[in-house]
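Read the structure below first, then the notes.
The values are calculated or read from the model by the stated rules, or taken from the named source; none is laboratory data. Note that the structure is predicted; figures quoted are calculated from it, not measured. No Cβ is skipped: glycine too gets one built from the backbone with ideal geometry, and neighbour counts run over all protein chains shown. Areas reflect the complete protein model, heavy atoms only, side chains present, ligands, DNA and RNA absent. Shrake-Rupley method; radii C 1.70, N 1.55, O 1.52, S 1.80 Å.
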Amino acid sequence: MKVIVLGAGIVGVTSAYQLAKAGHEVTVVDRQSAPALETSFANAGEVSFGYCSPWAAPGIPMKAMKWLFMKHAPLILRPKFDVAMLSWMARMLSNCTSERYAINKSRMLRLADYSRIALAELRAETGIAYDERMQGTLQLFRTEQQLDSSAKDVKALAADGIPYEVLDRDGCIRVEPALRHVRDKIVGGLLTPKDETGDCFKFTNALAAKAEALGVRFTYGTTIKALDVEAGRMRGIITDRGRMDAEAVVVALGSYSPLLLKPFGIGLPVYPVKGYSLTIPISDVSRAPESTVMDETYKIAITRLGDRIRVGGMAEISGYTNDLGLARRSTLEHSVTDLFPGGDVSKASFWSGLRPMTPDGTPVIGPTKIKGLFLNTGHGTLGWTMSTGSARLISDLVGGRTPDIDARDLAVSRYG
């Protein structure tokens, strides 16, 4: 078929690659001048197949109240009269139960583990290099309470057969030797050894080149104005450069997906939650992480990417704003220098991006009520992690094939 993919981030590019492999004629449309220039540009670098949890969890409402008053808060709320924001927050709170958490985490782990397999196979077939490492994620606990609270995650990992290891202080230092300099600040950790790291921007650009070699056409610098729907069927899209024909359209526009779908009565509860990152050159390898260390106190990931450290995290609910707040930089600097002292944060580059979050934490992948219109969006903080599996799913669904894993509960229809 003639398929248009909307969005050239990690999710859009992986989707285009898999669709082209399946024999479709694929065009990718994006308003930027190249791939991965928005949310995929400088994310935390985690490929978190095991460290993969919904933000909506039991106890989060009380924790959120506490976080709002912390100096280095993982959550920043800038409330305003925004119906979409208020609706999204209400739906998220409704998912903060043990029952909903178990369901949502199981969905996420199913897709993440499928992506683990898909990424390994894609890496083998393409030979793409992207500062990748396969040394796991260490969720680091500074308090005994944090360590005890990890029991619900351990239970979910065990139920889904995901490898894990609960570590004491010495175990954490064995995995991440640089932590020996701050051993008194940690009490233990949860290691998910199958997790990986890598530069999402490098990967997306390399895969875009592979996709072009398969015949995918990339149309950059093009603003998508509307979908062209006739009698309940996709006919194409309308852009600022004119109309483009398509038999199928895949929406992979991240946080901007709901704005395009709203005129057609598709209620997609995806809302932008801003995250921040620092990228710091490594000056002393002995004081740098080996893989990803997730600082549980501040919800900040500290990741080794070649000769750089990527420090990413925080959740700012403030709408479609992408300004860089100096207070946010201070929080990133505090976390990394507290655990890995010695780095020169004055040389860091500062960035922010809008994560497309769903209230239940799981992405939206699959068909809609409009024939030929498919969604691959709402991956939140896990777009890099889930991209390769999501791309395989959407390629199968567009082509009318039965996917390797159950994707029915990932469709937009789950929201009614």
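Given the structure, is residue 246 in contact with a strand residue (DSSP E or B) (Cβ under 9 Å, 6 or more places away or on another chain), open to solvent by less than 30 Å² (accessible area, probe 1.4 Å), under 30 Å from residue 264 (Cβ atoms) and small (Gly, Ala, Ser)? So residue 246 fits the description; yes.
Here is a list: 325, 361, 366, 343. Which entry is more than 14 Å from the chain's Cα centre (by Cα) and on the phi > 0 side of the Ramachandran plot? Going through 325, 361, 366, 343 in turn, the sole match is 366. Selection of the range 187-217 for residues being acidic (Asp, Glu) and touching a residue at least 40 places away in the same chain (Cβ under 8 Å) yields 195, 196, 199. Here is the figure for the range 127-150: residues that are open to solvent by 60 Å² or more (accessible area, probe 1.4 Å) and part of a helix (DSSP H, G or I) total 3.
Among the residues of the range 9-35, those that are over 17 Å from residue 246 (Cα atoms) and in contact with an Asp or Glu (Cβ under 8 Å, 6 or more places away or on another chain) comprise 9, 32.
Output the helices (runs of 4 or more DSSP H) that fall wholly within the range 151-243 and possess 1 or more residues being touching a Gly at 6+ places or on another chain (Cβ under 9 Å), at pLDDT 95 or above and surrounded by 13 or more Cβ atoms within 10 Å (Cβ to Cβ), or say none. Show your work before the answer.
On the way: elements: 151-159, 169-175, 200-213.
So the answer is 169-175, 200-213.
Filtering the range 390-416 to residues that are open to solvent by 30 Å² or more (accessible area, probe 1.4 Å) and small (Gly, Ala, Ser) leaves 399, 400, 413, 416. The set of residues from the range 8-34 being touching a strand residue (DSSP E or B) at 6+ places or on another chain (Cβ under 8 Å) and open to solvent by less than 10 Å² (accessible area, probe 1.4 Å) comprises 8, 12, 13, 15, 16, 19, 26, 28, 29. When the range 1-56 is filtered for residues that are of a type in the set (Phe, Trp, Tyr) and under 30 Å from residue 191 (Cβ atoms), the ones remaining, listed by number, are 41, 49, 51, 55.
Listed here are the residues, each with its yes/no results for (1) in a strand (DSSP E or B); (2) among the hydroxyl-bearing types (Ser, Thr, Tyr); (3) in contact (Cβ under 8 Å) with a residue 24 or more places away in the chain; (4) open to solvent by 30 Å² or more (accessible area, probe 1.4 Å).
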site: 268; (1), (2), (3), (4): no, no, yes, no
site: 273; (1), (2), (3), (4): yes, no, yes, no
site: 279; (1), (2), (3), (4): yes, yes, yes, no
site: 283; (1), (2), (3), (4): no, yes, yes, yes
site: 286; (1), (2), (3), (4): no, yes, yes, yes
site: 293; (1), (2), (3), (4): yes, no, yes, no
site: 302; (1), (2), (3), (4): yes, no, yes, no
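Candidates in the range 109-126 are the residues that are closer than 19 Å to residue 192 by Cβ and of a type in the set (Ser, Thr, Tyr); of these, the one that is most open to solvent (accessible area, probe 1.4 Å) is 114. Suppose the filter is modelled with pLDDT of 95 or more and either out of contact with any strand residue (DSSP E or B) (no Cβ under 6 Å at 6 or more places or on another chain) or not hydroxyl-bearing (Ser, Thr, Tyr) (or both); does residue 308 pass it? It is true that residue 308 is modelled with pLDDT of 95 or more and either out of contact with any strand residue (DSSP E or B) (no Cβ under 6 Å at 6 or more places or on another chain) or not hydroxyl-bearing (Ser, Thr, Tyr) (or both). The requirement of being touching a Lys or Arg at 6+ places or on another chain (Cβ under 9 Å), without any contact (Cβ under 8 Å) to a residue 60 or more places away in the chain and not in a loop (DSSP other than H, G, I, E, B) is fulfilled somewhere in the range 87-101, by at least one residue. When the residues of the range 43-62 are filtered to those that are in contact with a Gly (Cβ under 7 Å, 6 or more places away or on another chain) and open to solvent by less than 30 Å² (accessible area, probe 1.4 Å), the one that is nearest to residue 278 (Cα to Cα) is 44. If I ask for residues that are open to solvent by less than 20 Å² (accessible area, probe 1.4 Å) and within 17 Å of the chain's Cα centre (by Cα), which ones from the range 84-108 would you list? The answer is 104, 105, 108.
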